[in-house]
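Novice: Here's a structure for you.
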Amino acid sequence: MASGYLTRKETEVKVAMARRVKNKTPAPIQITAEQILREARERQEAEIRPPNQKITDQTEVADYRLRKRKEFESLISRVGWNKNVWVKYAEWEESQNDLKRARSIWERALGIDALNRDHTIWLKYVHMEMKNKFVNHARNLWDRAVIRLPRVDQLWYRYIHMEEMLGNVTGARGIFERWMGWMPDQQGWLSYIKFELRYNEIERAREIFERLVQCHPKVIAWIRFAKFEMKNGEIGRVRNCYERAVDKLADDDEEAEQLFVAFAEFEEKCRETDRARCIYKFALDHIPKGRAEDLFSKFVAFEKQYGDREGIEDVIVGKMRFQYEDQVKKNPRNYDTWFDYIRLEERIGNKERIREVYERAIANVPPAEEKRYWQRYIYLWINYALYEELDAQDMERAKHVYRECLKLIPHHKFSFAKIWLLAAQFEIRQLRLKEARLFLGEAIGRAPKDKIFKKYIEIELHLGNIDRCRKLYEKYLEWSPENCYAWSKFAELERSLYETERARAVFELAIDQPALDIPELLWKAYIDFEISEGEFERTRALYERLLNRTKHLNMENTFGELPKKLKKRRQIDMEDGPAVYEEYIDYLFPEEMQANNLNILASAYKWKKQRVASKD
């Protein structure tokens, strides 16, 4: 087209459409993947390499150098941030023996901020100077490098190595001192120490160790210091070193276990077994149990080798204590583990440790206010109080334990009668009856339970306080009017005091209640009471009232077993006149009725037998 523009049809890219394969049978000649790769490799065109150029005179050398420099300068103008370009450029100039130009290129590279912070550039630059034996140039470069990058240890190491190889020990020591001013890691300090030891400067090495433990107050640094003194045979210095380390690191360092093990092993080598044992025990008391596994195993092995029977037993106890500590750390609300741990401490008998374990155990309050979570927990408090009372003989602490336990229990949701009763019984044993009554009264007011009422009544009954017992029974029945056991016991109390009318009134109140939990127990007790009093008419009336309420067969059979009241007449002979008859009341008991029935049957059988015999 004249306009020079292409049409849409001419610019359209035609994509080959996928065609459907009609013949899917395998080809007669199969081609493998290896064959395809081999043919592709064979058909590759040869790599185009520039021809070898032979330089015969200075003019060609100058042209060659000019061309190469133009190429490098062109690369630098485009990718000046790439250090490899600068390195190749400088090394090429060095290969042309033009060190002045090479230095210029290195300096230009260091003028770029990103490359100036790359220590490999400095290393290659210094390497060129050292290779060409320009020592002063190299020193100047090292000084510039360590000032620019003081945290790169490799620069310091190479600088010191160069001075030491040149025999400049004083200069190398000065470089070390400059480096130590930057407080490098422990390896830098150890290199300085090794440097001094190579020249038998023991005192200098000791001074450097002192500076090391001040700069890096770590366990490994102190142990290395101690081993250094041990190697030089300074036993007193070794012990002093370990003691200083313990003073500084025993309480807060996570690696204190390693320090104590090394200290104890040192004393063991010196045949100071008592010192070693004290160190192990001190360590086990101060290091958390989770970080003292290796220490404990070392202590066990030590005691087996040097200890007596008592010492070995202490180790076994310590091992069990360690296991319990691990278990309660994993699950602090596993109260069975706390019980086992407490029993272990009680067997040992250390009061302070026992109390400490009890306090730690009761601090793990159940997570929810549900009784099922508290049923095992509450026995920790009970055992604690009993321990203080019976074993420690500390009555004030026992009282405090009971009070704190009762404060902790959520009585608005649930309570434990056992703890109230134990607290009250404790006060009774201390002859403080008033305090015991206050405990039981508070229990009835806040969390009334059957056990509390029964025990309180039992206590007052033993003390002979009948009026208190009656008031307690009244409170008991106000709280639980359907409790047949309470009604029966109340009536039994009145009967034991020969208060028959009171007992009968109690029974009457009881059977008039609209709901009872075990009514048959109450009725039976009432009926047995009337029978024991000989009140058969009242008993019969009771049975009739009961039968009106229930038609149970057992009630009717029991009613039938009552004695029958019979009105009989008997003759009274008079001395001076005719006989006189009087009426009297007699009772026919079921046993007598059964005996009479048996007599009638025997007589009938005898009569029938005689009649059969007469017919024959």
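Novice: Grab the other residues whose beta carbon is less than 10 angstrom from that of I511, score K and R as +1, D and E as -1, and report the net.
Specialist: 0
Novice: Output the 0 to 90 degree angle, nearest 10, between the alpha-carbon long axis of helix 169-180 and the longest principal axis computed from the alpha carbons of the chain.
Specialist: Helix 169-180 sits at roughly 40 degrees to that axis.
Novice: A further question on this structure: What is the Cα centroid distance between the range 266-290 and the range 375-407, reported in whole angstrom?
Specialist: Result: 36 Å between the Cα centres.
Novice: Taking all protein chains together and a probe of 1.4 Å, list M128, M320 from the most accessible to the least accessible.
Specialist: Final ranking, largest accessible area leading: M320, M128.
Novice: Multiplying the sequence separation of Y199 and E537 by 0.36 nm and subtracting their Cα-Cα distance, what value in nm do you get?
Specialist: Working: separation 338, 0.36 × 338 = 121.68 nm, distance 12.53 nm.
Full-extension gain reported as 109.2 nm.
Novice: Report, in deg cm²/dmol and to the nearest 500, the calculated mean residue ellipticity at 222 nm for the chain, where each DSSP H run with n ≥ 4 adds -39500 (n - 2.57) and the sum is divided by the residue count.
Specialist: -22000 deg cm²/dmol
Novice: What distance in nm lies between label points placed 7 Å from Cα along the C-beta direction at I316 and L497?
Specialist: Output for this residue pair reads 6.1 nm.
Novice: Further question: Expressed as an acute angle from 0 to 90° and rounded to the nearest 10, what is the orientation of the C-alpha long axis of helix 466-479 relative to the principal long axis of the chain?
Specialist: It works out to around 60 degrees.
Novice: Among the listed pairs K434/K455; K227/K298; K399/K455; K351/K449; K399/K434; K454/K524, which have their C-alpha atoms separated by more than 24 angstrom in this model?
Specialist: Over 24 Å apart, Cα to Cα: K351/K449.
Novice: Okay, moving on. Compute the signed sum of charges (Lys and Arg +1, Asp and Glu -1) over the other residues within less than 14 Å, Cβ to Cβ, of W142.
Specialist: +1
Novice: Net charge within 12 Å of F414 by Cβ-Cβ distance, Lys/Arg positive one each and Asp/Glu negative one each, not counting F414 itself?
Specialist: Details: positive: K371, R372, K413, R446, K449; negative: E369, E370.
In short, +3.
Novice: I would also like to ask the following. In the set (1) 69; (2) 33; (3) 27, which value of percent of Cα pairs over 42 Å apart was calculated from the structure you see?
Specialist: (1)
Novice: Is there a pair in K218/K248; K371/K451; K70/K124 whose C-alpha atoms are over 20 Å apart, and which pairs would that be?
Specialist: Details: K218/K248 10 Å; K371/K451 17 Å; K70/K124 23 Å.
The answer is K70/K124.
Novice: Determine, at each q value in 0.14, 0.18, 0.23, 0.26 (inverse angstroms), the log₁₀ of I(q)/I(0) that the Debye formula gives when each Cα of the range 217-307 is one equal point scatterer.
Specialist: -0.45, -0.74, -1.17, -1.40
The values are calculated or read from the model by the stated rules, or taken from the named source; none is laboratory data. Values in this document were obtained by computation on a predicted structure and should not be read as measured data. Counting neighbours? That spans all protein chains shown, and the Cβs are built from the backbone with ideal geometry, glycine included. Just so you know, the surface numbers come from the protein's heavy atoms only, side chains and all, with ligands and any DNA or RNA stripped out. Shrake-Rupley method; radii C 1.70, N 1.55, O 1.52, S 1.80 Å.
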